[in-house]
Amino acid sequence: MTQTKNPGTQRLRVYEADQQARYSMMSAHLSKELRTAHKTRNLAVRVGDTVKVMRGDWKGKSGEVTQVNYVRNRIFVKGITHKRATGKEAFIGFRPSNVMITALEGKEKRRTVKGKAATKKATTKTAAPAKAAGKKE
């Protein structure tokens, strides 16, 4: 994919992104504990994850993700609401880049974790040539 500095072209790519690209846009940084455990810097935000707001008026607040909107590129956190003019409570939408994941949902099998897959491949590749060399002799 070619790079461009034109802001209009960059916005257009975001607006016209397919489902896979939108999923990758919904990633947020991991906390230090999760970063060392999963050997990756960020993961996609899912419903049920616990996040901490890092930017804006709600900085420092934590809560569970209740909804993820891929079209608007927003996540909604339980307990962080504002009051509308009609008196109803409404969730505030956050961009995933402005939050940090502090706890994962628990269904980690479906999540792509780069570090675990890389270590498994590395161990199998190093063990296979040693066995093959022993059979040839």
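The values are calculated or read from the model by the stated rules, or taken from the named source; none is laboratory data. Everything quoted here is computed from the prediction, not taken from an experiment. Every residue, glycine among them, receives a Cβ derived from its backbone with ideal geometry; neighbour counts consider all protein chains shown.
Brief remarks follow.
- Residues of the range 1-53 satisfying the condition of being among the charged types (D, E, K, R) and touching a Lys or Arg at 6+ places or on another chain (Cβ under 9 Å): ARG35, LYS39, ARG41, ARG46, LYS52
- In the condition set (1) assigned to a strand (DSSP E or B); (2) at pLDDT below 95, MET100 is compliant with all but (2).
- Considering the conditions (1) in a loop (DSSP other than H, G, I, E, B); (2) of a type in the set (Val, Ile, Thr); (3) modelled with pLDDT of 90 or more, THR2 is excluded by exactly one of them, (3).
- Filter result for ARG110 (loosely packed, with under 10 Cβ neighbours inside 10 Å, at pLDDT 90 or above and within 23 Å of GLN19 (Cβ to Cβ)): no
- Within the range 56-82, being in a loop (DSSP other than H, G, I, E, B), surrounded by 14 or more Cβ atoms within 10 Å (Cβ to Cβ) and modelled with pLDDT of 95 or more holds for TRP58, LYS61.
- Scanning the range 24-46 for residues that are under 15 Å from ASN73 (Cα atoms), at pLDDT 90 or above and of a type outside the set (A, V, I, L, M, F, W, C) turns up SER27, ARG46.
- The range 13-41, residues that are free of Cβ contacts under 8 Å to residues at least 40 places away in the same chain and within 11 Å of the chain's Cα centre (by Cα): SER24, ARG41
- Yes/no for ALA85 being modelled with pLDDT under 90 and more than 26 Å from GLU16 (Cα to Cα): no
- Counted residues, the range 59-88 - those being of a type in the set (Phe, Trp, Tyr) and out of contact with any helix residue (DSSP H, G or I) (no Cβ under 6 Å at 6 or more places or on another chain): 1
- Exactly one residue among VAL51, VAL14 is surrounded by 15 or more Cβ atoms within 10 Å (Cβ to Cβ) and closer than 15 Å to SER97 by Cα, and that residue is VAL51.
- Where a residue in the range 79-108 is closer than 11 Å to VAL51 by Cα and its partner, wherever it lies, is among the acidic types (Asp, Glu) and not in a strand (DSSP E or B), with Cβ under 8 Å and at least six apart: ILE101/ASP49; ALA103/ASP49; LEU104/ASP49; GLU105/ASP49
- Only residues that are farther than 18 Å from LEU12 by Cα and within 18 Å of the chain's Cα centre (by Cα) were counted in the range 68-88, giving 6.
- No other residue among ARG46, ARG41 is touching a Leu at 6+ places or on another chain (Cβ under 7 Å) and of a type outside the set (S, T, N, Q) apart from ARG41.
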